[in-house]
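A.B. asks: Shown below is the structure under consideration.
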Amino acid sequence: MARTTAAAVLFVSATLALTACGSGSVSSDSPGGGASSSAAGGGGGDLTTVKVGVIPIVDTAPIWLGKEKGFFKDEGINLEITTTTGGAAAVPGVVSGDFDIAFGNVVSLMVAADKGLPLKFVTNGTTTSGEKPDFSGVVVPKDSPIKSAADLAGKTVSVNNLNNIGDTTVRKVVEEAGGDPKSIKFVEVAFPDAPAAVERKQVDAAWILEPFLSAAVGKGARVVSYNYTDFDPGLDIAGYFTKKETVEGKKDMVEKFTRAMNKSLEYAQGHPQEVRDIVGTYTKIGADARATMVLPKFVPEFNRDAATKLGEAAVSYGTLKKVPNLDELLPTG
């Protein structure tokens with residue numbers, strides 16, 4: 001009994017700590033709607049309702065596209081998509097049972113595992129394009145004296161969340177370019193606000209993603225690093241995860257979701273125009289921006305070498321206490 005109580009306290013404490021790490025919250029205007037528990041029916045006949053929390057960004061286009069194409073229904077799943085503002089909301093959402101599955105970046109799951117939360121990816125979600133331009137970059141004002149990644153040392157750089165994948169990859173890129181990664185001052189600025197922060201010189205540089213990246217460059221900002229691609233051209237950014245007890249206790253549901261999600265990822269990778277079109281249905285990104293933005297790569301498999309490098313970098317910069325066990329974190333088989 002004492003062991004159970006202690007474990008429960010640790011579980012709740014770790015969840016609260018993760019919640020405090022970022023600014024995530026759950027949106028009440030989910031296009032997918034609904035908040036029922038995972039159960040048979042849900043208005044879908046014999047379909048099993050699966051609730052999934054996702055960030056309404058380009059990276060999650062495959063799940064919206066897969067739902068539209070009927071890939072989840074084909075597997076007997078009534079997919080309910082709820083939007084969140086980030087992994088800081090997605091992790092507690094899965095732990096509490098609000099979501100069966102959620103979309104979160106790799107470092108967020110590594111941090112969760114580091115704090116003792118029993119979470120596991122069921123499939124990949126988004127990967128760097130591996131090319132330049134990529135969909136992720138660090139920008140500076142056009143007249144900035146910062147000319148390279150190494151020049152970011154000692155400067156103020158904005159990221160959306162501290163101690164996560166943004167600052168970890170930027171620090172590694174700066175270190176490999178010869179700069180001191182520990183001298184960078186990171187501050188939190190939401191992606192939509194970051195281009196203005198750079199333009200007004202409230203920060204020396206900003207890490208931003210598409211479609212804000214192309215828009216900033218179009219207004220004269222310069223990219224000094226495509227940090228994901230520069231970190232590793234095979235870097236996986238985020239995936240779909242759930243509790244380990246769900247993987248073990250609801251094996252059939254997890255396998256069906258994974259098959260549908262993998263089909264969605266492969267379809268999205270082969271149909272970029274449909275990705276650009278579906279993004280317009282759940283974001284406010286205009287047609288012009290969607291037509292020119294750089295898309296991520298969508299592949300089901302995780303790159304373990306790149307994930308190992310990411311975990312080691314997170315330990316090196318103090319985001320993690322120990323190197324993550326990828327056998328526990330990534331899908332098996």
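A.B. asks: Give the lysines reachable from Lys185 as a straight Cα distance under 28 Å; neighbours fewer than 8 places away on the same chain don't count.
C.D. replies: The qualifying lysines are Lys115, Lys132, Lys142, Lys147, Lys155, Lys172, Lys201, Lys219, Lys309, Lys321, Lys322.
A.B. asks: First compute the accessible area of region 172-236 with a 1.4 Å probe, then give the percent of it belonging to carbon and sulfur atoms.
C.D. replies: It is 48 percent, rounded to a whole number.
A.B. asks: Quick one: how many Å² of Lys182 are accessible to a 1.4 Å probe, rounded to 10?
C.D. replies: Counting only protein heavy atoms, the figure is 150 Å².
A.B. asks: Is the shape of region 130-197 best called rounded, prolate or oblate, per the rule: a/c under 1.5 gives rounded, else a/b larger than b/c gives prolate, else oblate, with a ≥ b ≥ c the square roots of the Cα gyration tensor eigenvalues? Walk me through the numbers on the way to the answer.
C.D. replies: Details: a/c = 1.21, a/b = 1.15, b/c = 1.05.
Rounded.
A.B. asks: Pull out a ≥ b ≥ c, the square roots of the eigenvalues of the alpha-carbon gyration tensor of region 221-333, then state rounded if a/c is under 1.5, prolate if not and a/b is larger than b/c, and oblate in the remaining case.
C.D. replies: oblate
A.B. asks: Let me ask something else. What shape does region 65-138 take by its C-alpha gyration tensor, where a ≥ b ≥ c are the square roots of the eigenvalues and a/c under 1.5 counts as rounded, a/b above b/c as prolate, and the rest as oblate?
C.D. replies: Taking the square roots of the gyration eigenvalues as a ≥ b ≥ c, region 65-138 is oblate.
A.B. asks: On a straight-distance basis, which lysines could pair with Lys251 in a cross-link, Cα separation under 16 angstrom, same-chain partners fewer than 8 positions away excluded?
C.D. replies: Lys51, Lys120, Lys243
A.B. asks: Any chance you could look up the accessible area of Glu274 with a 1.4 Å probe, heavy atoms only, rounded to 10 Å²?
C.D. replies: Rounded to the nearest 10, that gives 50 Å².
A.B. asks: Still on this model: Less than 19 Å from a label point 7 Å out along the Cα-to-Cβ axis of Lys321: which backbone N atoms in region 149-170 qualify, by residue?
C.D. replies: In region 149-170, the label zone of Lys321 (backbone N under 19 Å from the point 7 Å along Cα→Cβ) covers 163-164.
A.B. asks: Specify the inter-centroid distance of region 311-333 and region 115-139, based on alpha-carbon positions, in whole Å.
C.D. replies: The distance from the Cα centre of region 311-333 to that of region 115-139 comes to 14 Å.
A.B. asks: Provide the FRET efficiency to the nearest 0.05 for the Glu131-Asp46 pair, computing r from the beta carbons and using R0 = 45 Å.
C.D. replies: 0.55
A.B. asks: Tally up the carbon and sulfur contribution to the accessible surface of region 54-168 as a whole percent, 1.4 Å probe, everything protein left in place.
C.D. replies: For region 54-168, the apolar C and S fraction of the accessible surface comes to 48 percent.
A.B. asks: Express the carbon and sulfur contribution to the solvent-accessible surface of region 293-333 as a percent, rounded to the nearest whole number, probe 1.4 angstrom. Don't jump to the answer; show the numbers that get you there.
C.D. replies: Numbers: 990 of 2080 Å².
Carbon and sulfur: 48 percent of the exposed surface of region 293-333.
A.B. asks: For labels at Glu176 and Lys142 in the simple 7 Å Cα→Cβ model, what's the distance in nm?
C.D. replies: So the two model labels end up 3.0 nm from each other.
A.B. asks: If you don't mind, another one. Note the full-extension length gain between Lys201 and Lys219 as 0.36 nm times their separation in residues minus their Cα-Cα distance, in nm to one decimal.
C.D. replies: Between Lys201 and Lys219, full extension yields an extra 5.1 nm.
A.B. asks: Please report the accessible area of Arg259 (heavy atoms, 1.4 Å probe, ligands and nucleic acids excluded) in Å², nearest 10.
C.D. replies: Using a 1.4 Å probe on the heavy atoms, I get roughly 120 Å².
The values are calculated or read from the model by the stated rules, or taken from the named source; none is laboratory data. Keep in mind that what you see is a predicted model, and the values were worked out from it rather than measured. Backbone-built Cβ (ideal geometry, glycine too); neighbour counts: all protein chains shown. Keep in mind that these areas ignore ligands, DNA and RNA; they rest on the heavy atoms of the full protein, side chains included. Shrake-Rupley method; radii C 1.70, N 1.55, O 1.52, S 1.80 Å.
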